[in-house]
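Heads up: the structure comes next, in structure tokens.
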Amino acid sequence: MPYFELQRHLGIDVDKWVVRQSMPQPHGRASACHAFEREWVECGHGLGQTRARRECQPEYEDFMECMHRTKLAARLKAILEQRDKLVKEGKYTLPDYHKGKEEMRP
């Protein structure tokens, strides 16, 4: 296809982000999100872009969560806010190692 040839001649790879996890990895091991990317690609294969976006949304969301960890970060933020709220109310006391104090060593 002419579009891909143009990419090769200019030395750019616009499609690299789509198959980032499928690229050869160091030491020949599969990357952490390779399985999620594979499921997403297999789901959307042959469907067409519009239909694949609708039908493969769960696979795509799993792949993006594995790559960016946005849901995990939001959950961690909520946990830390709850902890800070409990500390402020006096219902929870932070352990010494969370206050910057070192443990006594023998």
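Starting from residues that are farther than 30 Å from W40 by Cβ and exposed (fewer than 11 other Cβ atoms within 10 Å of the Cβ), keep the ones in segment 67-93 and report whichever is modelled with the lowest pLDDT.
Taking segment 67-93 and keeping what is farther than 30 Å from W40 by Cβ, we get 80-93.
Within this subset, residues satisfying the condition of being exposed (fewer than 11 other Cβ atoms within 10 Å of the Cβ) are 80-81, 88-91, 93.
Numbers: L80: 94, E81: 96, K88: 94, E89: 95, G90: 93, K91: 94, T93: 88.
Going through the qualifying residues, I end up with T93.
Against the definition (at positive phi and either modelled with pLDDT under 75 or of a type in the set (G, A, S) (or both)), how does G48 come out, yes or no? When the stated conditions are applied, G48 passes them. Regarding Q49, is this residue surrounded by 11 or more Cβ atoms within 10 Å (Cβ to Cβ) and polar (S, T, N, Q)? When the stated conditions are applied, Q49 does not pass them. R54 meets the stated requirement of being modelled with pLDDT of 90 or more, open to solvent by 80 Å² or more (accessible area, probe 1.4 Å) and either under 22 Å from the mean Cα position of the chain (by Cα) or of a type in the set (D, E) (or both).
The values are calculated or read from the model by the stated rules, or taken from the named source; none is laboratory data. Please read these numbers as outputs of a predicted model, since none were measured by experiment. Cβ coordinates were reconstructed from backbone atoms using ideal geometry, including for glycine residues, and neighbour counts include every protein chain displayed. All accessible areas refer to the heavy atoms of the entire protein, side chains included, with ligands and DNA or RNA removed. Shrake-Rupley method; radii C 1.70, N 1.55, O 1.52, S 1.80 Å.
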